[in-house]
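See below for the structure under consideration.
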Amino acid sequence: MESGQAQAARAVGGPLKEEAHRDATAVNGTGATLTLLLIEDDPAGSPIVPDLLDPAGKPIRVRTARNLTEAERLLTDDVHCILLDLALPAPGGSDTDDELAVLRHVLKLAPRHAVLALTASGDAERGAEAVRVGAQDYLFRDELDGRLLSRAIRYAVERKRSDTAERRLAEGKLRAQENRRLERGLLPTPLLEGSCLRFAARYRPGRSRALLGGDFYDAVRTPDGTVHAMIGDVCGHGPDEAALGVELRIAWRALTLAGLCGDELLNTMQQVLEHERADEEIFATLCTVDIAPDGRRAGLCLAGHPAPLVARPGRPARLLPYENNGPALGLLPGARWPRMQVELGAEWSLMLYTDGLIEGRVGEGGERLGQDGMLEMIRRQLSEGLRGEELLRAAVSEVRHLNGGELTDDVAVVLLDRTR
């Protein structure tokens, strides 16, 4: 009687020479000599082992160990498969009712190696249990020959490789799911209860399959009725930049709710950035606005960030003043960020955005869209009656279309509307 995989091996029949060479190469990816570690108390008593050949006709290198201590010394990275006699005494010579204690010990010792269990003829139940515990296959000692063993080695190595790949794939999917849940939980929920302003946002990270990038935004309403909003961009596109962006957003919300504003707030934000960044060359741009309770005016602070866009009925959309822009956070110690007063009027739309929206390519020459191109695009979309979420969705979609595909930089856009 043979193991399930060994029976399948016999049914295949003798492979052609070309197929045999391909089979041998598939075992270790290089066609190099296979190495078998035989763990048996009397390895010299197995006459088939010295004559083992792989399917290409090359001798299989055999190492022999009479006990687990010798096996541990001989178990190196060039070993492809372990042939283990289940009749060996339990590790350490201790008495145990576990018939597979020696197998469990070897699996713990060699988690990355294929293992074949060798058991007495007719003891199929023990062999099947060995496979359930972790062996790749089992063989009967009294019915073994060189051809069967060489085929079993190949199948065991390939099965181990397949199992390892499937496990890594499953672990990767699980990590990706956990990361997506984490990133989704870190996206902001604006605190605007009691405000008459309408809020909309659009976010698209530049990293493939990511939900969160280095761009960040938030909006809160303080007890005095002032609505505070901000948008920022950490230089870079990796997970570290995304994590720093989340830290800065949370810091901004806490500081804003604590009553800080303008230069005092940005100075504290710079201190947070300096303490949390992994490298002194990392910086972040930031745009903050604080809209008065009556909604007619706002304070604006820019830290190396593009100026927001404002649109009012009967007037073309325009960019807010940029002249008093301060440096990005993390560039200059002791920097200052002037707060500019801006008149908004009774009805308006205010759009904050990161540079991912304006740095996409347009045309065959590869020119950037730029702020002028974005301004023209938004004016046209507003004239078509687009507002709120619909406007932001159309803007990001058109920028991607003009770029000829997915944008490489993160994109975040925030829109605040005040209507009569």
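Filtering segment 262-303 to residues that are in contact with a helix residue (DSSP H, G or I) (Cβ under 9 Å, 6 or more places away or on another chain) and under 17 Å from Val342 (Cα atoms) leaves Thr288, Asp290, Gly299, Cys301, Ala303.
Within segment 272-295, is there a residue that is charged (D, E, K, R) and over 37 Å from the mean Cα position of the chain (by Cα)? Yes, because at least one residue in segment 272-295 is charged (D, E, K, R) and over 37 Å from the mean Cα position of the chain (by Cα). Looking across segment 159-186 at every residue that is at pLDDT below 85 and surrounded by 15 or more Cβ atoms within 10 Å (Cβ to Cβ), the one that is nearest to the chain's Cα centre (by Cα) is identified as Asn179.
Taking segment 221-244, which residues are hydrophobic (A, V, I, L, M, F, W, C) and buried (at least 20 other Cβ atoms within 10 Å of the Cβ)? Even if it seems obvious, please write down each step before you answer.
Kept after step one, since they are hydrophobic (A, V, I, L, M, F, W, C), are these residues of segment 221-244: 227, 229-231, 234-235, 242-244.
Within segment 221-244, Val227, Ala229, Met230, Ile231, Val234, Ala242, Leu244 qualify.
Do the conditions hold for Leu244, that is, is it of a type in the set (A, V, I, L, M, F, W, C), out of contact with any helix residue (DSSP H, G or I) (no Cβ under 9 Å at 6 or more places or on another chain) and more than 24 Å from Val399 (Cβ to Cβ)? Criteria not met by Leu244. Of the listed requirements (1) at pLDDT 90 or above; (2) small (Gly, Ala, Ser); (3) outside any helix (DSSP H, G or I), Ser121 misses just one: (1). Does Pro205 meet the test of being surrounded by fewer than 20 Cβ atoms within 10 Å (Cβ to Cβ) and at pLDDT below 95? The answer is no for Pro205. Just one of the listed residues (Ala128, Ala120, Ala135, Ala90) is buried (at least 18 other Cβ atoms within 10 Å of the Cβ) and assigned by TED's automatic domain parsing to the domain that holds Ile60, namely Ala135.
Does Gln371 satisfy the condition of being surrounded by fewer than 19 Cβ atoms within 10 Å (Cβ to Cβ) and within 19 Å of Leu260 (Cα to Cα)?
Details: surrounded by fewer than 19 Cβ atoms within 10 Å (Cβ to Cβ): yes; within 19 Å of Leu260 (Cα to Cα): no.
When the stated conditions are applied, Gln371 does not pass them.
Residues of segment 138-149 being of a type in the set (D, E, K, R), touching an Asp or Glu at 6+ places or on another chain (Cβ under 9 Å) and either farther than 17 Å from Ile39 by Cα or surrounded by fewer than 16 Cβ atoms within 10 Å (Cβ to Cβ) (or both), which ones?
Pass one, segment 138-149, residues of a type in the set (D, E, K, R): 141-143, 145, 147.
The next check asks that each one be touching an Asp or Glu at 6+ places or on another chain (Cβ under 9 Å); those that pass are 141, 143.
Within segment 138-149, just Glu143 meets the criteria.
A count restricted to segment 331-386 and to residues that are assigned to a loop (DSSP other than H, G, I, E, B), of a type in the set (D, E, K, R) and farther than 20 Å from Leu265 by Cβ stands at 4.
How many residues, within segment 93-104, are surrounded by 19 or more Cβ atoms within 10 Å (Cβ to Cβ) and not in a loop (DSSP other than H, G, I, E, B)?
We begin by selecting, within segment 93-104, every residue surrounded by 19 or more Cβ atoms within 10 Å (Cβ to Cβ); these are 100, 102-103.
Subsequent filtering for residues that are not in a loop (DSSP other than H, G, I, E, B) retains 102-103.
Summing the residues that are surrounded by 19 or more Cβ atoms within 10 Å (Cβ to Cβ) and not in a loop (DSSP other than H, G, I, E, B) in segment 93-104 gives 2.
Restricting segment 110-140 to residues that are touching a residue at least 60 places away in the same chain (Cβ under 8 Å) and more than 42 Å from the chain's Cα centre (by Cα), which is farthest from Ile82 (Cα to Cα)? Among those residues, the one meeting the criterion is Gly122.
Filtering segment 129-158 down to residues that are among the acidic types (Asp, Glu) and not in a helix (DSSP H, G or I), which residue is modelled with the lowest pLDDT? Outline the logic, then answer.
Within segment 129-158, the first condition is being among the acidic types (Asp, Glu), and the residues that meet it are 129, 137, 142-143, 145, 158.
Now narrow it down to the ones that are not in a helix (DSSP H, G or I): 137, 145.
Numbers: Asp137: 93, Asp145: 79.
If we take residues in segment 129-158 being among the acidic types (Asp, Glu) and not in a helix (DSSP H, G or I), then Asp145 is modelled with the lowest pLDDT.
When Glu390, Glu343, Glu323, Glu384 are screened for being modelled with pLDDT under 95 and either exposed (fewer than 15 other Cβ atoms within 10 Å of the Cβ) or not assigned by TED's automatic domain parsing to the domain that holds Leu248 (or both), only Glu323 passes. Applying a threshold of 8 Å to beta carbon distances and a minimum spacing of six or more residues, or different chains, the list of pairs starting in segment 352-363 at a residue that is within 14 Å of Gly214 (Cβ to Cβ) and modelled with pLDDT under 95 and ending at one that is small (Gly, Ala, Ser) and in a loop (DSSP other than H, G, I, E, B) reads Gly356/Gly206.
The values are calculated or read from the model by the stated rules, or taken from the named source; none is laboratory data. Because the structure is predicted, anything quoted here is derived from the model rather than measured. Counting neighbours? That spans all protein chains shown, and the Cβs are built from the backbone with ideal geometry, glycine included.
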